[in-house]
Amino acid sequence: MYIYRADERYHANHGWLDTYFSFSFAEYFDPNNMNFGPLRVLNDDVIQPLRGFGMHPHQEMEIVTIVLSGQLKHQDSLGNEAVTTFGGVQRMSAGTGIVHSEVNPSATEPVNLLQLWFLPEQRGIAPSYEKTTYDIAQLKNQLLPVVEKNPSSPNIAHIHQDVTIYLSDVEAGNDLVFTQTNGRRIFLFVIEGELAINDKAKLWTHDSARITETPSLKMTANSDTRLMLIDLP
């Protein structure tokens, strides 16, 4: 288990964008921190009102955006347009090529989002986009899948990689247990709160852990905690 503290992330404040990178990205280059399995990027962004990323291209990447607060407006070269808020997830498969923009449409409220990039399971797929919504109440004291390879409901976004992204709101004093088959990886990110992991390591707000060879994970909330857990090959 390798723990990365919130203040160890790369930080850049461009005024319109306040961002933290968990992996080597853009102007931050670290050859020892390129990815964790197929997870290539985790950016924690706050975008100011009426600002954002103009139209720009991507290829051969699975891009997932989880909105934590505020609004995010998506437009792309396939003709898709959508506004996502908390309780929503957007998944874009760049595939052979797509051009898109992501902007904050609010005139008054910043948007906070997590953007994740995953290497695709195969190259050369047709580009696609979807927005899904989940029931926020179902986050309570359980791991709710919001993205997976073979979605079991229309509330779960489909991704072209063998990963599952879970979100959870764990009340103080409650435990969550996650198990996976041997040989897989777990990436854990505390969105807010405090967790004890396997009754040992502690994570606080915006801390993360990269976990291998640990097929069973016990997470105890020492305060009301919101978390993201990713099951990876």
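The values are calculated or read from the model by the stated rules, or taken from the named source; none is laboratory data. None of the values given here were measured: they were computed from a predicted structure. Here the Cβ is made from the backbone with ideal geometry for all residues, glycine too, and neighbour counts use every protein chain on show. With ligands, DNA and RNA removed, areas are computed over all heavy atoms of the protein, side chains included. Shrake-Rupley method; radii C 1.70, N 1.55, O 1.52, S 1.80 Å.
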- Message: With a 1.4 Å probe and all protein chains kept in place, how do 229, 143 rank by accessible area, largest first?
- Response: 143, 229
- Task: Report Rg/Rh for the stretch 138-229, rounded to two decimals, where Rg is the Cα radius of gyration and Rh the Kirkwood radius.
- Result: 0.96
- Note on the structure: With x for Gly and Pro, the residue-by-residue ³J(HN,Hα) of the stretch 169-185, computed from phi through the Karplus equation 6.51 cos²θ - 1.76 cosθ + 1.60 at θ = phi - 60° and given in whole Hz, is 10, 9, 6, 3, x, 8, 10, 10, 10, 10, 10, 8, 6, 4, x, 9, 10
- Note on the structure: accessible surface per residue for the chain, probe 1.4 Å, DNA/RNA/ligands not counted, whole Å² -> 44 Å²
- Find how much the distance from residue 33 to residue 136 grows on full extension, using 0.36 nm per residue of separation minus their present alpha carbon separation; answer in nm with one decimal. 33.8 nm
- Task: Report relative contact order for the stretch 1-110 in percent, whole number only (criteria: Cα-Cα under 8 Å, sequence separation at least 6).
- Result: 26 percent
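Please get the size of the charge dipole for the chain, origin at its Cα centre, with Cβ charges of +1 on Lys and Arg and -1 on Asp and Glu, quoted in debye to the nearest 20.
Working: 17 positive and 28 negative charges, 62 e Å.
I would put it at about 300 debye.
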- Given H placed 1.01 Å from N in the peptide plane, which residues other than close sequence neighbours of residue 194 have an amide H under 5 Å from its amide H? 222, 223
- Query: Per 5 Å bin, what percent of the C-alpha pairs of the stretch 63-185 does each bin hold, from zero upward?
  - Reply: 2, 10, 19, 21, 20, 14, 8, 5, 1, 0
- Provide the per-residue ³J(HN,Hα) series for the stretch 51-56, in order, calculated from phi with Karplus coefficients 6.51, -1.76, 1.60 and θ = phi - 60°, each as a whole number of Hz, with x at glycine and proline positions. 10, x, 9, x, 4, 8
- Query: For residue 212, what is the net charge nearby, where nearby means another residue's Cβ is under 9 Å from its Cβ and Lys, Arg count +1, Asp, Glu -1?
  - Reply: +2
- Message: Along its three principal axes, how long is the chain when you only count alpha carbons? Whole Å, largest extent first please.
- Response: 47, 40, 38
- Message: Once neighbouring chains are kept in place and the probe is 1.4 Å, which whole percent of the accessible area of the chain is contributed by carbon and sulfur?
- Response: 47 percent
- Query: Peptides 62-74, 173-185: what's the order by average Cβ count within 10 Å, highest mean first?
  - Reply: 62-74, 173-185
- Length-normalised contact order of the chain, Cα under 8 Å, at least 6 apart, in percent, tallies to 18 percent
- Selection of chymotrypsin sites (Phe, Trp or Tyr not before Pro), the stretch 103-144, meeting DSSP coil and at most 13 other Cβ within 10 Å: none
- Query: By the scheme Lys and Arg +1, Asp and Glu -1, what is the net charge of all other residues having a beta-carbon under 12 Å from that of residue 43?
  - Reply: -2
